[in-house]
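What follows is a short report on a single structure.
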Amino acid sequence: MSRRISPKLISMPRIAAAQTPEFREDVDAAFAYALEVIADAQAQGADLLVFPEGYPQGYLTQEGPARRQALNLAGPAFAAILARLPQPGPTVVLGLIEEDHGALFNTAAVIAHGRLLGRYRKTHLLAGETCFTPGPDTPAFEAAGLRFGINICYDTNFPEAAQAVAATGATLLVCPANNMMPRPTAEAWRDRHNPIRGERCRETGLWLISADVTGERDGRIAWGPTAVLNPQGQVVAQLPLDQPGLLVFDLPGQAA
């Protein structure tokens with residue numbers, strides 16, 4: 001599953017991203033898989049681990065399925081999920097469908113030591129995401145001294161979304177994504193995601209890490225990419241487009 005790297009020799013955090021199969025309306029199976037990924041990331045010394053957009057429920061954009069599978073982050077179902085996560089372990093950014101006071105959100109929850117640190121709700125919604133409410137703000141988070149913010153998938157098409165992260169003093173932009181698309185659309189977009197995200201890096205001076213799904217179903221295909229880009233917008237690490245895996249990367253820093 002993993003891309004193995006050398007022992008950790010630097011003081012900056014070790015970041016990781018999971019390129020996963022797509023799970024749809026099977027939260028138990030998704031979390032069983034996630035626990036394996038988390039254990040692998042922990043064994044490799046990762047401080048931060050990113051999962052794709054809408055990971056446990058699937059990228060559900062129709063009201064009925066999305067509402068049926070949504071998680072309230074103050075509710076017992078999410079509390080049970082937190083209880084299953086290893087402690088200690090990496091800080092986890094988990095894309096999911098959230099319900100709060102009757103509204104649905106495309107959310108990335110930030111979790112550390114079995115506790116919810118906060119959430120980012122997708123700000124820029126596609127035309128097909130009308131069941132979701134856009135998020136109102138851009139919070140910043142920290143993991144092992146690394147300050148980071150989040151853009152979810154389509155957010156990265158908008159310079160102001162990345163600028164809002166940079167304005168918090170963050171070093172890293174985290175991008176949970178889910179690009180399971182009809183094959184013609186996927187083929188048209190296959191080589192466009194990283195260049196668009198690279199523009200955001202060059203504009204802001206941020207590093208970027210993305211996590212996406214991979215696989216095929218019902219005439220749809222997902223290739224990712226799951227990658228790390230530097231502040232010059234260059235891809236410095238990336239998983240193969242057509243298989244699950246764990247990308248682990250050390251940000252530049254001083255020798256420990």
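The values are calculated or read from the model by the stated rules, or taken from the named source; none is laboratory data. Quick caveat: nothing in here was measured; it's all calculated off a predicted structure. Positions of Cβ are generated from backbone atoms using ideal geometry, with glycine treated the same way; all protein chains shown enter the neighbour counts. All accessible areas refer to the heavy atoms of the entire protein, side chains included, with ligands and DNA or RNA removed. Shrake-Rupley method; radii C 1.70, N 1.55, O 1.52, S 1.80 Å.
Glu142 label point, 7 Å along Cα→Cβ, cut-off 15 Å on backbone N: hits in region 162-183? Answer for region 162-183: 168-172. Put simply, the convex hull of the Cα atoms in region 118-211 casts, on average, a shadow of 6.4 nm². Across region 65-80, rounded Karplus estimates of 3J(HN,Hα) from the backbone phi angles (6.51 cos²θ - 1.76 cosθ + 1.60, θ = phi - 60°) give x, 4, 5, 5, 9, 4, 10, 8, 6, 9, x, x, 5, 6, 4, 5 Hz, Gly and Pro being marked x. Across region 19-33, coupling constants 3J(HN,Hα) worked out from phi with the 6.51/-1.76/1.60 Karplus curve, θ = phi - 60°, read 9, 10, x, 7, 10, 10, 6, 9, 4, 4, 5, 4, 6, 4, 5 Hz, and Gly and Pro carry x. Dividing the convex hull volume of the alpha carbon atoms of region 163-256 by its residue count gives 100 Å³ per residue. Given a Förster distance of 41 Å, report the FRET efficiency between Gln42 and Ala127 from their Cβ-Cβ distance, rounded to the nearest 0.05. According to the calculation, E is roughly 0.55. Overall size of the chain from C-alpha positions, given as principal axis extents largest first: 51, 41, 34 Å. Normalised by the number of residues in the chain, the mean separation of alpha-carbon contacts (under 8 Å, six or more apart) gives a relative contact order of 23 percent. Cα extents for region 27-66 along the principal axes, largest to smallest and rounded to whole angstrom: 39, 18, 7.
Karplus-derived 3J(HN,Hα) values for region 202-211, using 6.51 cos²θ - 1.76 cosθ + 1.60 with θ = phi - 60°, are 5, 5, 10, x, 8, 6, 9, 10, 10, 9 Hz; glycine and proline are entered as x.
Note on region 114-162: Rg/Rh from Cα positions, Kirkwood definition for Rh, rounded to two decimals, is 1.01. Here the chain has 51 percent of its accessible surface on carbon and sulfur atoms, given a 1.4 Å probe and all protein chains in place.
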